[in-house]
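> Below are the C-alpha cells for one structure; questions will follow.
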Amino acid sequence: MTFKSKLPTVGTTIFSQMSQLAAQHQAINLSQGFPDFAPDSLLLQYLSDYSQQGLNQYAPMPGIAPLREQIAALVQRCYGRAVCAEQQVTVTSGATEALFVAISAVVAPGDEVIVFDPAYDSYAPAIQLNGGTAVHIALNAPDYRINWQQVADAITARTKLIVVNSPHNPTGMVFNLNDWQQLQQLVLQHNLYCISDEVYEHMVFDAALQLSANNFAELAQRSFIMSSFGKTFHVTGWKLGYCVAPGALTAEFRKIHQYVTFSSFTPAQYAIAGMLQHQSQQVSGLAAFYQYKRDQFASLLQGSRLQLLPCQGTYFQLADYSAISELDDVAFCRWLTTEHKVAAIPLSVFYNQPPQRRIIRFCFAKQSDTLKAAAEVLCQI
Ligand code: GLN
C-alpha cells in the first residue's frame with residue numbers, strides 16, 4: 001500500500017531510539033529525560049488512596065477543580081500573578097498534549113511559527129500537521145543565548161506564533177530579564193501569540209531568578225504557558241501537565257483538548273493536588289535538589305576528556321566530546337551505548353540545520369550510584 005504521509009521526514013523520536021538501544025545493550029541510560037529514583041511515597045499513597053476511594057471515572061474536561069485551584073495558587077506563589085482557575089487553567093495529559101493543542105488552536109495553513117533550535121522535537125511536527133511552517137533560528141554553543149535582533153529580522157507578515165522554552169531542553173540555558181522583556185516587546189509589536197514551554201520552571205540554579213511568562217502581564221495576555229507535573233514530581237510516566245492562558249485563548253484550547261483526550265487520569269489529578277496543597281516545599285526545593293545533582297555529576301566527570309558546557313537549569317548537561325572522538329554525534333552516542341554502556345542523546349537531532357559540533361546531552365536526574373557508575377566509565381574513555 002502506498003500512503004501519502006503528512007509527516008514524510010519524521011521518524012521515531014530519538015528518545016525512543018536511545019532508550020531502546022540502552023535497554024538492548026544494558027547500558028546506563030542517561031539519554032531520555034526521566035528520573036531513575038522513586039517519587040515521594042506520599043504521592044504514591046495519595047494515588048492509591050484516591051483510586052481506592054472510587055475516584056476512577058472521567059474527570060471534568062478542564063481538570064478537577066481542586067487541582068486547577070492549586071495550580072492557580074502555585075502561579076500566584078511563584079510569579080505573583082492571579083489567574084482564574086475556572087477560566088484560565090486547563091489540566092492536560094502531559095505538556096506534550098498542551099503543546100499540541102495550543103499549536104493546533106493557533107496555527108492555520110500558511111502561518112509561520114518561530115522556533116529556536118535545538119528545539120524540543122514535538123514542536124515542528126505539530127506545526128506541520130496544522131499546515132504551518134516552522135521558521136528555525138539556531139542557537140549556538142557554548143551559551144545558546146537568543147539574539148533578539150535576529151528574531152525581529154525573522155518576523156514577517158505571516159508570523160503568527162513564537163515558541164519559547166526556558167529553562168531550555170536540551171541546552172540548560174535560562175532566559176534572563178532582558179530575554180523576557182525583548183520577547184514581550186516583539187509579541188506586542190507584531191501581534192504574535194506565544195507558547196511558553198516551562199516544564200523545567202522549578203529547576204533554575206545558582207540563585208538566578210525563576211522567571212516565567214507569568215511575570216510579564218502583557219506577554220501573558222497573548223501566551224499559552226505550560227508545565228509538567230512529570231518533571232516537578234518525578235513522575236514522567238503519569239503524563240500530567242497543564243496550560244495557563246487568558247480566557248479567550250483557553251476557550252479555544254479546550255475546544256481541541258476535549259476532542260484530543262477529553263480529560264486526564266483522575267486519581268493522579270487528586271494526588272498531585274494533594275501534594276501541591278500539603279507538600280509545596282517539594283516544589284520550592286527542586287532547584288536545590290537538582291543543582292546538587294548537576295554539581296555532583298560535573299565533579300565526577302572532572303577526570304574525563306569531556307568538556308562540560310554551562311548548565312543554568314533543567315536536568316540536562318551538555319558535553320563536548322571532540323577530545324575523544326571525531327565521530328558525528330549520532331554515531332558517537334550509538335558507539336558510547338553499545339561499546340561503553342552509557343547512553344546519551346546527540347544534539348544535532350534537535351536542529352533543522354545542525355552545526356558541525358561534537359556535543360551530546362546527558363540527563364542527570366539519576367541516583368548518585370547511577371551517576372557514579374556512568375562517570376567511572378566516561379572517565380576511562
Ligand atoms: N523530555 C524528555 C527528554 O527530553 C523525553 C520526552 C519523551 O521521551 N518524549 O528527554
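The values are calculated or read from the model by the stated rules, or taken from the named source; none is laboratory data. This is a predicted model, so every value here is computed, not measured. Every residue, glycine as well, gets a Cβ built from its backbone with ideal geometry; the counts of neighbours run over all protein chains shown. Quick note on the areas: whole protein, heavy atoms, side chains included, nothing else; ligands and nucleic acids left out. Shrake-Rupley method; radii C 1.70, N 1.55, O 1.52, S 1.80 Å.
> Please go through the range 28-60 and give me each residue that is among the small types (Gly, Ala, Ser) and either within 14 Å of the ligand (Cβ to nearest atom) or within 24 Å of the chain's Cα centre (by Cα) (or both), ordered by number.
SER31, GLY33, ALA38
> Next up: Could you please find all residues in the range 86-110 being open to solvent by 20 Å² or more (accessible area, probe 1.4 Å) and either touching a Lys or Arg at 6+ places or on another chain (Cβ under 7 Å) or hydroxyl-bearing (Ser, Thr, Tyr) (or both)?
SER93, THR96, SER104, GLY110
> Ok, one more. On the given criteria, is ALA119 assigned to a helix (DSSP H, G or I) and within 16 Å of the ligand (Cβ to nearest atom)?
no
> Looking at the range 272-292, which of its residues are over 22 Å from the mean Cα position of the chain (by Cα) and open to solvent by less than 10 Å² (accessible area, probe 1.4 Å)?
The one that is over 22 Å from the mean Cα position of the chain (by Cα) and open to solvent by less than 10 Å² (accessible area, probe 1.4 Å): GLY274.
For every residue, the table says whether it meets (1) within 15 Å of the ligand (Cβ to nearest atom); (2) free of Cβ contacts under 8 Å to residues at least 24 places away in the same chain; (3) closer than 20 Å to ILE272 by Cα; (4) surrounded by 23 or more Cβ atoms within 10 Å (Cβ to Cβ).
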site	(1), (2), (3), (4)
VAL199	yes, no, yes, yes
ASP206	no, no, no, no
LEU211	no, no, no, no
ARG222	no, no, no, no
MET226	yes, no, yes, yes
HIS234	yes, no, yes, no
TRP238	yes, no, yes, yes
GLY241	yes, no, yes, yes
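> The conditions are (1) surrounded by 18 or more Cβ atoms within 10 Å (Cβ to Cβ); (2) not in a helix (DSSP H, G or I), and ILE381 fails exactly one of them. Which is it?
(1)
> Go through the range 149-190 residue by residue and tally those that are of a type outside the set (Val, Ile, Thr) and either buried (at least 16 other Cβ atoms within 10 Å of the Cβ) or assigned to a loop (DSSP other than H, G, I, E, B) (or both).
Counting residues in the range 149-190 that are of a type outside the set (Val, Ile, Thr) and either buried (at least 16 other Cβ atoms within 10 Å of the Cβ) or assigned to a loop (DSSP other than H, G, I, E, B) (or both) gives 21.
> For the range 10-25, indicate whether the set of residues that are touching a residue at least 24 places away in the same chain (Cβ under 8 Å), more than 14 Å from the ligand (Cβ to nearest atom), of a type outside the set (Phe, Trp, Tyr) and surrounded by 14 or more Cβ atoms within 10 Å (Cβ to Cβ) is non-empty.
So far as the range 10-25 goes, yes, one or more of its residues are touching a residue at least 24 places away in the same chain (Cβ under 8 Å), more than 14 Å from the ligand (Cβ to nearest atom), of a type outside the set (Phe, Trp, Tyr) and surrounded by 14 or more Cβ atoms within 10 Å (Cβ to Cβ).
> Looking at ASP329, ASP295, which is the one that is open to solvent by 50 Å² or more (accessible area, probe 1.4 Å), within 19 Å of MET173 (Cβ to Cβ) and without any contact (Cβ under 8 Å) to a residue 40 or more places away in the chain?
Only one candidate passes the filter, namely ASP295.
> So, of the residues in the range 340-377 that are in a loop (DSSP other than H, G, I, E, B) and without any contact (Cβ under 8 Å) to a residue 40 or more places away in the chain, which turns out to be surrounded by the fewest Cβ atoms within 10 Å (Cβ to Cβ)?
GLN356
> Restricting attention to the range 344-381, which residues are within 16 Å of the ligand (Cβ to nearest atom) and over 21 Å from the mean Cα position of the chain (by Cα)?
THR370, ALA374
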